[in-house]
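The values are calculated or read from the model by the stated rules, or taken from the named source; none is laboratory data. On a predicted model such as this, the values are computed, not experimentally measured, just so you know. As a convention, Cβ positions derive from the backbone with ideal geometry for all residues, glycine included, and neighbour counts pool all protein chains shown.
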Amino acid sequence: MNPNDCYQVPVVVGAGISAATVSMLHPDVVVFDKGKFPGGRLSSKFINDISPFDFGATMFSDKMKISWLGQETNYSISEIWKSNSVRIPIKPIYDDTHFYPEQGMVHLVTSMLGDKKSIQSHTLKNIKLTEDKTWHLKFLISPDKHIKSIFAKNIILTLPIPQILEIFQNSENNQNLKRWCDFLENYNDYRKTLVSYFYWNNWKPNWKEILLDPLAPIPITTTLNRGENWEYQSWESIKYPNQIQTDSGLLVQFGAIFSETHFEDWMDRKKNPTPKSKEILVQGLKNFFGAPEPNLIWLHRWKYAQAQIPLLGKEGSLDLDSEKFEEWKKLCKETGITILGDWLFGAKIERIVGGISFLSHNNLLY
Ligand SMILES: Cc1cc2nc3c(=O)[nH]c(=O)nc-3n(C[C@H](O)[C@H](O)[C@H](O)COP(=O)(O)OP(=O)(O)OC[C@H]3O[C@@H](n4cnc5c(N)ncnc54)[C@H](O)[C@@H]3O)c2cc1C
């Protein structure tokens, strides 16, 4: 190994909100990600240069709580951004405790990554511990498919557990990796989510009939019907109104059972709806909103949408006094690998940003 190839700072893999939070707090880290762009499950998309829509997370709450050493403390995410000089213009949505960034959800990630951009199109394939206790990481670079090797004393992985296990299983046998695999199996449970975006040229719903007020000072653009097939609906054209005058855009996230059932036959290879899913969608839009067939139907499948049994709990305060958390700390320290993400904190932006900030400030991160 050429000593120049060995990073003296932690190497972070994945460029979602977990990695962006680490990068905001420790600007010297290096971030690699397999996608063309950073963001992960915070994804905003522009089609034909019209206003954006969010097809991953859609909102965040500003407040969260942490229990540590028998004490519960409240945190504000916007205060955390402010104290790190990260400026993100946000607007309220849904109720008075939830917000979204004016420039799309992905702006949370890009703002926290800041000037120091992530290195994209690098897919981590396997890792190996060298004789001098340094991790050797092999990335496949797209689109030319050549392999890049780097070395680091500390690595921070922020991918969903199934993707981490795949990397560990492709890696040379190693006791540290085995310990992590055994530990992670307990939290390896994710729900799938199917998502659709619909766009209509020259058509808008009858807002009154669907009980929405597009002119309300807090844009009430979402309807949440937990447990139903069409679980979450958001008129993104109200959320991001700039370019849209006469048209409308709607994002729908489908429930867990619906998503599981239709996952495989949802779209064809070109990402167009299959005849069966198109029929379900067009009929649903007619029933719910009296809508004509949309001019555009865009689909996405989230295979690992949200972790279901996070180590620090799904709701309520993050409990850092638990034995499981002690085990996590020990594993990070003894293996030189820190593993973060929604499997640890819960699939909520405020829990991830607040949790990582707390760990960092209390020297519990790496
Ligand atoms: C449809 C949907 C709706 C949601 N709604 C909300 C919401 O409204 N509010 C909320 O708070 N949360 C919501 N969530 C949950 C929230 O989006 C996630 O908890 C959060 O984004 C997870 O961030 P992360 O950085 O831990 O992981 P990710 O965002 O998944 O980041 C992991 C990154 O790793 C990269 N990667 C994967 N494999 C490799 C590899 N081999 N090599 C290199 N890089 C790799 C990926 O490209 C990705 O960028 C939602 C999630 C989904 C899917």
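Remarks
- Matching residues in the range 74-90 - criterion: being more than 15 Å from Val22 (Cβ to Cβ) and not hydrophobic (A, V, I, L, M, F, W, C): Asn74, Tyr75, Ser76, Ser78, Glu79, Lys82, Ser83, Ser85, Arg87, Pro89
- Checking each residue in the range 40-71 for being more than 6 Å from the ligand (Cβ to nearest atom) and part of a loop (DSSP other than H, G, I, E, B) picks out Ser43, Phe46, Ile47, Asn48, Asp49, Ile50, Ser51, Pro52, Phe55, Asp62, Leu69, Gly70.
- The range 23-39 - residue that is assigned to a strand (DSSP E or B) and aliphatic (A, V, I, L, M) and, of those, nearest to the ligand (Cβ to nearest atom): Val31
- Residue ID - farthest from the ligand (Cβ to nearest atom), chosen from residues in the range 154-176 that are over 24 Å from the mean Cα position of the chain (by Cα) and assigned to a helix (DSSP H, G or I): Gln175
- For the range 185-220, a residue qualifies if it is of a type in the set (A, V, I, L, M), touching a helix residue (DSSP H, G or I) at 6+ places or on another chain (Cβ under 8 Å) and under 25 Å from Phe263 (Cα atoms), and exactly one does: Leu194.
For (1) within 13 Å of the ligand (Cβ to nearest atom); (2) touching a residue at least 40 places away in the same chain (Cβ under 8 Å); (3) within 17 Å of the chain's Cα centre (by Cα), each residue gets a yes or a no:
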position	(1), (2), (3)
Lys278	no, no, no
Val282	no, no, no
Leu285	no, yes, no
Pro294	no, yes, no
His300	yes, yes, yes
Lys314	yes, no, yes
Leu344	yes, yes, yes
Leu359	no, no, no
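- Residue within the range 300-309 that is outside any strand (DSSP E or B) and closer than 27 Å to Glu185 by Cα present: yes
- Sole residue being free of Cβ contacts under 8 Å to residues at least 24 places away in the same chain, under 21 Å from Gly16 (Cα atoms) and hydrophobic (A, V, I, L, M, F, W, C), chosen from Leu194, Leu159, Leu184, Leu165: Leu165
- Residue match in the range 239-258 (condition: under 19 Å from Tyr100 (Cα atoms), of a type in the set (D, E, K, R), surrounded by 20 or more Cβ atoms within 10 Å (Cβ to Cβ) and not assigned by TED's automatic domain parsing to the domain that holds Ile349): yes
- Test: residue in the range 84-99 that is in contact with a helix residue (DSSP H, G or I) (Cβ under 7 Å, 6 or more places away or on another chain), within 15 Å of the ligand (Cβ to nearest atom) and in a loop (DSSP other than H, G, I, E, B): yes
- For the range 177-208, the set of residues classified as surrounded by fewer than 16 Cβ atoms within 10 Å (Cβ to Cβ) and among the polar types (S, T, N, Q) consists of Asn186, Asn201, Asn202, Asn206, listed by residue number.
- The set of residues in the range 310-342 that are more than 20 Å from Ser23 (Cβ to Cβ) and assigned to a helix (DSSP H, G or I) comprises Glu323, Lys324, Phe325, Glu326, Glu327, Trp328, Lys329, Lys330, Leu331, Lys333, Glu334, Thr335.
- For the range 1-20, a tally of residues being touching a residue at least 24 places away in the same chain (Cβ under 8 Å), in a helix (DSSP H, G or I) and more than 12 Å from the chain's Cα centre (by Cα) returns 1.
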